[in-house]
Amino acid sequence: MRRAWTIVALMGLLGTACGKGGGSQVVPSPSASTLPSSPSASASTPSGSPAAKLDLTRLQIKLVQVASLDRPLAMAVRSGDDGLYFAEKGGRVVALRGGQGEPKTVLDMSGEVSDGSEQGLLGLAFSPDGAFMYVNYTDLNGDTQVVEFRFEQGGVVDGSRRTVLSVDQPFSNHNGGNLVFGPDGYLYIGLGDGGSQGDPNHNGQNLGVLLAKMLRISPRPAGGAPYSIPPDNPFLGDQSARPEIWAYGLRNPWRYSFDRETGDLWIGDVGGVEREEVDLQPAGEGGQNYGWNLLEGTVPRSDNLPLGAVPPIHEYDHSAGRCVVTGGYVYRGSAIPALRGGYLFADFCVGDITALAQKGGKRTQIVKLGTSITSLNSFGEDQEGELYALSLGGAVYRIDPA
């Protein structure tokens, strides 16, 4: 295996299987009142591209530590709540009220979570109305579980736990694990290819399995099923494909996010031996094939290349100690005007926070911001659009103007 995966103690995280609890009910979009290198020529231009005058070279930032936690992997916020919520690898969800002070435990699943290698409590999200909390973790058998809890008065409601989706994982790595509600109100679930190395089960191009995919579902039960399928999912009605699939050909989409202003989806897809990649998906458009395991970024891995595969907006190799991409966010806050519209991401092994500008789906600028965090494994976005960086070592930083 590549060196990044052999340093298990350093990494500690970053899965042919079908969902055990698969739903097939089709539902309409949620009511709006409940919602608080370049792509191929055939792809639509991402909406609301940053203005051409965006100049990241003028940008200066600093890091302000706001918390010290036990291996934080994900951050989420809740509508009408000033807390910052964090998923810790070992199985706890903790809240930081007002962005400071001592964190409070709101859920402890440490006895149910496998905590080896890339496993653990990997993802956290709240429904747009704040009524439900969703977690994504690997259970004691190493399989993916997406679970829902009703959430009231700052904590989970006793007895409200409900399993939304279960996915068998053939190996202990490439679990994906992120959970994000899109601007359409649906839940996006990123799953890796099932692990080992090189996708031995060929899940990347297999539309009959959930692994190596971006899923899109309505997570509330309907028609006797634990979740529902949005009516505009791209493979709905295709008997050879799982209807939950939104996009495919992903190796391990560890962290991804929506631009809160444009609705575009940014995916940091962890690579193998050749490339780390950042993919940019236009708002509201699904069905993309990002190429794995026939392509790794733009590097061919087969003579039989997929037609219409979408190349990344940015890719990089493993020189200079780089190993694993950590996807981030497009900055839409107000504290750092020079960064507004720029996409922030990093590399786990090097830790350099990097900003990317794009116009019309093509990268126009990429700048290292001169700030590094050891074992930077995730980013977070608060209610105001300000960004945070999480270290596997425990530190949580707010990104401020220098």
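The values are calculated or read from the model by the stated rules, or taken from the named source; none is laboratory data. Source: prediction; values computed, not measured. Heads up, the Cβs are rebuilt from the backbone with ideal geometry, glycines too, and the neighbour counts pull from every protein chain shown. Quick note on the areas: whole protein, heavy atoms, side chains included, nothing else; ligands and nucleic acids left out. Shrake-Rupley method; radii C 1.70, N 1.55, O 1.52, S 1.80 Å.
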Leaving out ligands, DNA and RNA, and with a 1.4 Å probe, what % of the accessible surface on the chain is carbon or sulfur? 47
Residues whose placed amide H lies under 5 Å from that of residue 130, excluding near-sequence neighbours: 79
Lysine pairs in the chain 8 or more apart or on different chains: how many have alpha carbons under 18 angstrom apart? 5
Give the long-range amide H neighbours of residue 122: residues separated by 5 or more places, or on another chain, with amide H under 5 Å away, using H modelled in the peptide plane at 1.01 Å from N. 136, 137, 138
Solvent exposure of segment 120-257 as accessible area per residue, Å², 1.4 Å probe: 28
Could you tell me whether the chain comes out rounded, prolate or oblate from its Cα gyration tensor? Rule is a ≥ b ≥ c as square roots of the eigenvalues, rounded for a/c under 1.5, then prolate if a/b exceeds b/c, otherwise oblate. rounded
Ellipticity estimate at 222 nm from DSSP helix runs (n ≥ 4, -39,500 (n - 2.57)) divided over the chain, nearest 500: -500 deg cm²/dmol
Calculated FRET efficiency, residue 55 and residue 81, Cβ-Cβ r, R0 30 Å, to nearest 0.05? 0.25
Whole Å is fine, so just give me how far the alpha carbon centre of segment 337-402 lies from that of segment 161-202. 24
Taking the Cα centroid of segment 69-115 and of segment 260-317, what is the distance between the two, rounded to the nearest whole Å? 31
To check my understanding: the extent here is largest minus smallest coordinate of the Cα atoms along each principal axis. What are those three numbers for segment 241-356, in Å, largest first? 48, 37, 19
For segment 73-230, how big is Rg over Rh, using alpha carbon atoms and the Kirkwood form of Rh? 0.97
Would you mind calculating the gained length between residue 160 and residue 196 on full extension (0.36 nm times residue separation, minus the Cα-Cα distance), in nm to one decimal? 9.4 nm
What length, rounded to one decimal in nm, is gained on full extension from residue 70 through to residue 102, with 0.36 nm per residue of separation minus their alpha-carbon distance? 10.2 nm
Could you please report the charge total around residue 208, scoring K, R as +1 and D, E as -1 over all other residues with beta-carbon less than 13 angstrom from its beta-carbon? 0
Amide H partners (placed H, <5 Å) of residue 246, local residues excluded: 214, 215, 216
